Amino acid sequence: MKFLDSLLTDCLKSISTRNTFYKEMMRVSMIEISIPGYKNLKLKHLVLDYNGTLACDGKLLANVRKGLEALADKLQIHVLTADTFGNVRSELSEISCKLSIIPSENQETYKLNYIKQLGPEVTVCIGNGRNDRLMLKEASLGIAVILEEGAAIEALLASDVICTSIHSALDLLTNPLRLVATLRS
């Protein structure tokens, strides 16, 4: 009986978390950016890799929380990770985002399918790894970052923009004229 009670409690928590997430999705507006000679972006989702993008050695980089909070009312934030260091939940506990811990195998396919479910035409992705290349290419806007652990050449080639910090990448979305200056024809 205790097992069933525990199972029911876990299911209710999951439903509550899912309902909160969907309410958050409904609250979020979008970012619209018209880039002359390129395309018009209507972004609703920000999908990020964790290690190498938001974190180094499993620890959230300084001031990343502030950058994500600045975008939280405009974009639904999603973080995809294998949680290599086992601490992503605690590192992101104060950030309004949907965290998905993914299997260590076939990560590139999982990430691609994830953004396909959201709608790649309304999604911006930020990553650095080879396992990010498919989502970076498929997204309406793909941003590769080169941080302490470097970036895979496939990720760079699949991206629309390359930044040398996560802060610069997030600032492109809070200050869209920077993105226009970079991508216009």
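Throughout, read-outs are computed from the coordinates displayed, never taken from laboratory work. Quick caveat, the model's predicted, so the values are computed rather than measured. Cβ coordinates were reconstructed from backbone atoms using ideal geometry, including for glycine residues, and neighbour counts include every protein chain displayed.
Can you flag which of Lys66/Lys137; Lys42/Lys137; Lys44/Lys98; Lys44/Lys116 are past 19 Å Cα-Cα? If you can, show how the numbers build up before the last one.
Values: Lys66/Lys137 27 Å; Lys42/Lys137 17 Å; Lys44/Lys98 14 Å; Lys44/Lys116 13 Å.
With Cα atoms farther than 19 Å apart: Lys66/Lys137.
With 10 angstrom as the radius, rank Ser29, Ser96 by how many other C-beta atoms surround their C-beta, starting from the fewest. Working shown, then result.
Details: Ser29 9, Ser96 17.
With the sparsest Cβ surroundings first, the list reads Ser29, Ser96.
Can you compute the equivalent ellipsoid semi-axes for the stretch 28-183, i.e. the square root of 5 times each eigenvalue of the Cα gyration tensor, sorted largest first and rounded to whole Å?
Numbers: eigenvalues 94, 56, 46 Å².
The three semi-axes for the stretch 28-183 are 22, 17, 15 Å.
Residues with amide H under 5 Å of Asn128's amide H, sequence separation 5 or more or different chain, H placed in the peptide plane at 1.01 Å from N; which?
Residues meeting the criterion, in which the H sits 1.01 Å from N, are Val145.
Where does each of Lys74, Lys42, Lys66 land when they are ranked from fewest to most other beta-carbon atoms within 10 angstrom? Let's see the in-between values first.
Values: Lys74 17, Lys42 14, Lys66 10.
If I rank by nearby Cβ atoms, fewest first, I get Lys66, Lys42, Lys74.
For Leu99, which sequence-distant residues (separation of 5 or more, or a different chain) have an amide H within less than 5 Å of its own amide H, given hydrogens modelled in the peptide plane?
Distant-sequence amide H within range of Leu99: Val79.
For Met30, Met135, which order do you get if you count the other beta carbons within 10 Å of each Cβ and list the fewest first?
Working: Met30 13, Met135 29.
With the fewest neighbours first, Met30, Met135 line up as Met30, Met135.
Based on DSSP, what percent of beta bridges with both residues in the stretch 41-144 are antiparallel, to the nearest 5?
Taking every DSSP beta bridge within the stretch 41-144, about 10 percent pair in antiparallel fashion.
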